[in-house]
Amino acid sequence: MAEDESEWDCWMVESLRLYKDLHVFELQESTRVIEWIQDRSICVAGCTMGKKNEILELSLPQKLYAKGNQGLCPERDFTVKHGSFSERPIYELKHVAGTSLLVSSGPPDTSLQVWRLATDESDAIILENMVQHQTAAGQWSKISVNCFPTPRVLHGSKVSDLTIQEIASQKVLFTTGADGCEPEPISDLEFLDHCTFSVCSRKGHLWLADSRQRPSLIGCSDVPVSREDGCHWTMGWAPGHSKVARLCSDGRVLLSDYRDLSKTLGLAELVIPTAVSNSDYLSLTWAPYLQDHLAVSGFNGTVHVYDTSSWLAGAGQAEPTFVHRGHSVIAPEAEEKIPLITRHAWHPWKRRVLLSTADDSSLHVWHWVDHNTA
């Protein structure tokens with residue numbers, strides 16, 4: 001225990017130099033989602049099988065959304081703004097921008113749940129509807145949402161069963177159907193605009209699709225051969241740019257440009273302890289206001305931030321610009337098990353602020369310092 005206390009104490013002292021701000025909170029249960037509602041609150045949700053799971057809208061501490069030099073802030077903790085319960089675990093949750101709608105998915109099947117955020121008259125998040133989408137049992141749908149011209153959801157568990165539906169009417173606007181390639185399981189998908197989207201399979205294949213065209217899957221990009229059987233991939237698009245990054249469970253990151261998927265912009269080897277056998281929590285996100293920076297998590301109890309501006313087409317080892325290891329540091333009162341990061345997300349406009357959660361129900365908000373530029 002003395003060794004654990006020393007590690008914790010050392011990290012707490014070190015954090016004074018590493019962070020401009022650091023907030024540590026405890027949720028009632030672990031979450032796999034951090035979904036922004038505008039820029040003053042987030043939604044989290046339980047992900048435990050066999051029980052009711054809470055969906056909570058949490059208001060951010062004032063210091064995390066105030067602009068300029070705000071001085072002392074009276075509120076330094078998250079507060080529950082609205083909430084509800086789900087009869088199933090929630091593995092994905094998306095907010096339809098400009099509306100009060102949320103769409104969630106999770107096992108045991110590929111159906112979706114449509115929620116409405118609470119109004120002034122009620123503090124409850126209301127389950128409004130179910131979107132049925134039948135595929136093989138035991139699968140669940142990846143989802144992306146868009147609000148133009150009407151609120152709609154892109155969802156599917158395999159490349160061959162992608163569907164776009166209006167949320168209100170459940171009218172099917174598009175489906176891959178016979179256009180789908182191999183029935184590969186999906187790791188991630190994302191609307192790029194109201195009619196085009198991207199999908200990445202767990203094998204790392206990347207497609208671009210246009211719902212106005214047939215065949216709809218208009219591009220496919222291969223990946224380097226995995227060195228380990230069972231390697232899985234996920235993706236992340238750079239906001240406002242044409243770059244996309246794919247992350248492998250063995251620690252490789254492949255950068256591409258959707259304008260020419262046949263070329264590789266960069267291939268980097270991340271400094272991680274070991275490849276992960278369970279890729280459910282792998283996550284790669286680009287910073288919205290910090291050019292060429294991305295964050296990865298899901299390998300262990302840390303979140304790594306990388307500057308990709310120096311990555312070349314040839315493979316090379318990439319050192320992180322910053323590592324948040326607060327979740328993995330064993331506090332004196334904590335159990336021995338090292339937590340695993342379940343999700344991270346960038347602040348919508350604070351350049352170096354991220355949120356991260358772990359399977360021990362911890363929630364951290366941290367403003368990291370880049371000593372190379374500070």
> Say we look at region 269-295 and pick out the residues that are farther than 21 Å from residue 352 by Cβ and small (Gly, Ala, Ser); which of these is modelled with the highest pLDDT?
Replying inline: 279
>> Please return the ranges of strands (runs of 3 or more DSSP E) entirely within region 230-309 where 2 or more residues are of a type in the set (Gly, Ala, Ser).
In response: 266-270, 293-297
>> Can you tell me which of (1) under 19 Å from residue 34 (Cα atoms); (2) surrounded by 12 or more Cβ atoms within 10 Å (Cβ to Cβ); (3) modelled with pLDDT under 90 is the one residue 77 doesn't meet?
In response: (2)
> In region 287-321, how many residues are within 22 Å of residue 32 (Cα to Cα) and in contact (Cβ under 8 Å) with a residue 60 or more places away in the chain?
Replying inline: 3
>> Could you tell me how many of the residues in region 17-63 are among the hydrophobic types (A, V, I, L, M, F, W, C) and in a strand (DSSP E or B)?
In response: 12
>> Restricting to region 341-374, count the residues that are surrounded by 21 or more Cβ atoms within 10 Å (Cβ to Cβ) and either among the small types (Gly, Ala, Ser) or within 17 Å of residue 280 (Cα to Cα) (or both).
In response: 8
> Can you name the residue in region 123-134 that is assigned to a loop (DSSP other than H, G, I, E, B) and within 15 Å of residue 164 (Cα to Cα) and, of all such residues, is modelled with the lowest pLDDT?
Replying inline: 134
>> I need every pair where a residue in region 177-191 that is under 13 Å from residue 209 (Cα atoms) has its Cβ under 7 Å from the Cβ of a residue that is in a loop (DSSP other than H, G, I, E, B) and modelled with pLDDT of 80 or more, sequence separation at least 6 or different chains.
In response: 180/162
>> Against the conditions (1) under 22 Å from residue 308 (Cβ atoms); (2) small (Gly, Ala, Ser); (3) modelled with pLDDT under 85, where does residue 238 fall short? Just the number, please.
In response: (3)
> Out of all the residues in region 34-49, which are within 14 Å of residue 349 (Cβ to Cβ) and surrounded by fewer than 17 Cβ atoms within 10 Å (Cβ to Cβ)?
Replying inline: 38, 39, 40
>> On the basis of being surrounded by 14 or more Cβ atoms within 10 Å (Cβ to Cβ), polar (S, T, N, Q) and over 26 Å from residue 148 (Cβ atoms), does residue 84 make the cut?
In response: yes
> Filtering region 34-53 down to residues that are in contact with a Cys (Cβ under 7 Å, 6 or more places away or on another chain) and of a type outside the set (Asp, Glu), which residue is modelled with the highest pLDDT?
Replying inline: 53
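Residue-wise test of (1) touching a strand residue (DSSP E or B) at 6+ places or on another chain (Cβ under 8 Å); (2) modelled with pLDDT of 90 or more.
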site	(1), (2)
69	no, no
73	no, no
89	yes, yes
118	yes, no
121	no, no
140	yes, yes
148	no, no
160	no, no
> Are any of the residues in region 175-184 assigned to a loop (DSSP other than H, G, I, E, B) and modelled with pLDDT of 90 or more?
Replying inline: no
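The values are calculated or read from the model by the stated rules, or taken from the named source; none is laboratory data. Just so it is clear, the structure is predicted and the values come from calculations on it, not from any experiment. Backbone-built Cβ (ideal geometry, glycine too); neighbour counts: all protein chains shown.
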